[in-house]
Amino acid sequence: MDVMYFAWVRERIGVPKEKIETSASTVADLVAELKSREERYEAAFSDLSALRVALDQELSDFDAPLEGVREVAFFPPMTGG
Amino acid sequence: MDVMYFAWVRERIGVPKEKIETSASTVADLVAELKSREERYEAAFSDLSALRVALDQELSDFDAPLEGVREVAFFPPMTGG
Amino acid sequence: MKIVVQDASFDFGAEAQAFSDAAKGAGAVVTFSGVVREADTGAMAMMEIEHYPGMTEKALEKIATEAVARWSLTDALVIHRHGRLVPGDQIMMVATAARHRMAAFEAAEYLMDYLKSRAPFWKKEILEDGRAKWVSAKDEDEEALNRW
Amino acid sequence: MKIVVQDASFDFGAEAQAFSDAAKGAGAVVTFSGVVREADTGAMAMMEIEHYPGMTEKALEKIATEAVARWSLTDALVIHRHGRLVPGDQIMMVATAARHRMAAFEAAEYLMDYLKSRAPFWKKEILEDGRAKWVSAKDEDEEALNRW
């Protein structure tokens with residue numbers, strides 16, 4: 001699965017994109033798994049209320065199932081315009 | 001006093017502007033005086049709710065006094081934009 | 001602040017660009033522009049816009065000054081044509097510049113609402129068959145003033 | 001409908017004019033354009049706008065399609081830049097065309113509200129002293145979505 005990071009999430013994790021092998025069934029499970037792996041994920045995901053998630057380029061939420069999803073992206077609230 | 005007419009009021013009265021000698025004390029008195037003079041004023045002023053009045057180029061109303069006023073204008077509701 | 005009442009056509013794109021360039025510190029620029037449409041019934045050959053020289057400029061100046069004060073605009077622009085226009089011609093435009101988008105939007109809507117019902121312009125539609133009809137003021141335009 | 005996401009600058013006046021020309025039957029055209037302001041604190045040297053290629057275009061397309069349907073727009077335009085900008089640069093613009101002014105205004109505000117909080121752009125301010133700061137989303141921008 002491709003996992004992407006934007007803005008300060010990208011900066012804390014240190015890469016814009018990586019391939020992750022996981023059997024996590026929801027976004028929240030994936031986040032918990034990443035946080036347990038390394039300190040930099042813990043730093044990026046410490047406050048989920050400050051984060052947004054997109055599944056296959058559609059905004060989603062942390063309870064959403066990952067089955068069939070090819071691309072997950074984590075980022076802070078958007079600030080366009 | 002200069003009296004001006006715009007849009008269909010002008011068309012009914014037949015002139016855009018005229019000098020009127022009057023001792024009317026309010027706009028309503030002036031209208032009554034004009035209506036009594038000629039049929040075309042009667043036609044133009046038959047429904048005051050469909051008319052607006054400006055005194056010296058400021059929107060006003062039919063109860064307003066005419067003392068000191070140099071220019072009175074009658075016209076239908078505006079349709080700019 | 002710039003208020004223009006003229007018979008001649010104007011260049012909407014160039015005016016919008018110049019307004020935006022002059023408003024660099026503002027952040028947010030809103031424009032509204034109106035084009036002569038076909039009449040609701042029948043093919044319209046021409047639109048004639050009558051106005052009240054002298055009062056028109058004063059009324060627009062007052063409306064724009066109020067908008068600038070109420071929404072702390074950094075700038076405002078009103079251009080309105082009179083005389084004979086054909087479908088497709090640009091009738092008028094307003095533009096507002098502010099630090100934040102909501103102020104720029106609200107001020108532009110305010111300018112349009114007041115300009116429509118409080119500036120002395122009157123539109124007449126001349127159809128292709130020669131019939132002519134003064135455009136009636138709409139109740140909804142008068143009611144729109146109540147929101148301010 | 002035209003959606004453009006690009007690094008390059010764009011010509012606001014020319015885009016506004018072209019949009020208005022193409023929308024002749026509409027009557028009412030509203031544009032909003034945003035310019036890079038100075039940061040609220042300290043002199044800003046640069047603004048960096050990051051985006052999510054692919055998702056950005058899809059999100060803008062969805063927002064514009066919804067606005068067109070809801071307000072029966074005859075046309076809509078969104079242009080948004082990414083990459084490095086300096087104060088005074090044009091960041092983005094939207095434009096809407098409709099038969100009546102209220103529809104054009106509301107649709108443009110809707111586009112802006114959704115674009116601000118639902119299209120994947122992130123702004124970073126780089127001050128002259130080298131400090132950098134991601135712009136925080138404002139509660140008022142999220143709350144603005146509730147009105148639609």
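Readers should treat all values here as calculations from the given coordinates under stated rules, not as data from a laboratory. What you see is a predicted model; the values in this text were computed from it and never measured. FYI the Cβ positions are ideal-geometry reconstructions off the backbone, even for glycines, and counts take in every protein chain you see.
Annotations for the structure displayed:
- Highest average packing first - A:51-59, D:76-84, Cβ atoms within 10 Å: D:76-84, A:51-59
- Cα centroids of segment D:39-104 and segment D:1-35: 10 Å apart.
- Taking label positions 7 Å along the Cα-Cβ direction at both D:Glu48 and A:Ala43, the computed distance is 1.6 nm, reported to one decimal.
- For the listed peptides A:16-24, C:87-95, a ranking on the average number of other beta carbons within 10 Å per residue, highest first, reads C:87-95, A:16-24.
- Whole-Hz Karplus values for segment C:89-94 come out as 6, 6, 7, 7, 8, 10 Hz, taken residue by residue from phi with 6.51 cos²θ - 1.76 cosθ + 1.60 and θ = phi - 60°; glycine and proline positions read x.
- DSSP-loop trypsin sites (Lys or Arg not before Pro) across segment D:96-139, with at most 14 other Cβ within 10 angstrom: D:Arg131, D:Lys138
- Long-range amide H partners of B:Thr26 with built H, under 5 Å: B:Leu66
- Residue-averaged [θ]222 nm for chain A, counting only DSSP H segments that reach four residues, each worth -39500 (n - 2.57): -8000 deg cm²/dmol
- For chain D: lysine pairs under 27 Å (alpha-carbon distance), excluding those fewer than 8 apart on one chain: 22
- Legend: mean number of C-beta atoms from other chains within 10 angstrom of residue C-beta atoms, peptide C:135-144, equals 3.
- Mean separation of Cα contacts under 8 Å (6+ apart) over length of chain D, as relative contact order %: 33 percent
- Neighbourhood charge, 9 Å Cβ-Cβ cut-off, centred on C:Lys133 and excluding it, Lys, Arg +1 and Asp, Glu -1: +1
- Cα point-scatterer Debye curve for the protein assembly as shown, base-10 log of I(q)/I(0) at q = 0.08, 0.13 Å⁻¹: -0.57, -1.11
- Normalising the Debye intensity of segment B:2-75 to I(0), with uniform scatterers on Cα atoms only, and taking log10 at q = 0.22 Å⁻¹ returns -0.98.
- Spin-label model distance (nm) - B:Ala28 vs C:Val86, 7 Å beyond Cα toward Cβ: 4.9 nm
- Note: relative contact order over chain B, using C-alpha pairs below 8 Å and six or more positions apart, is 39 percent.
- For B:Val69, no residue has an amide H sitting under 5 Å from its own, ignoring neighbours fewer than 5 places away on the same chain, with H placed 1.01 Å from N.
- Across peptide A:7-18, the mean count of Cβ atoms from other chains lying within 10 Å of each residue's own Cβ comes to 2.
- Cα centroid of segment A:42-81 to Cα centroid of segment B:1-80, whole Å: 67 Å
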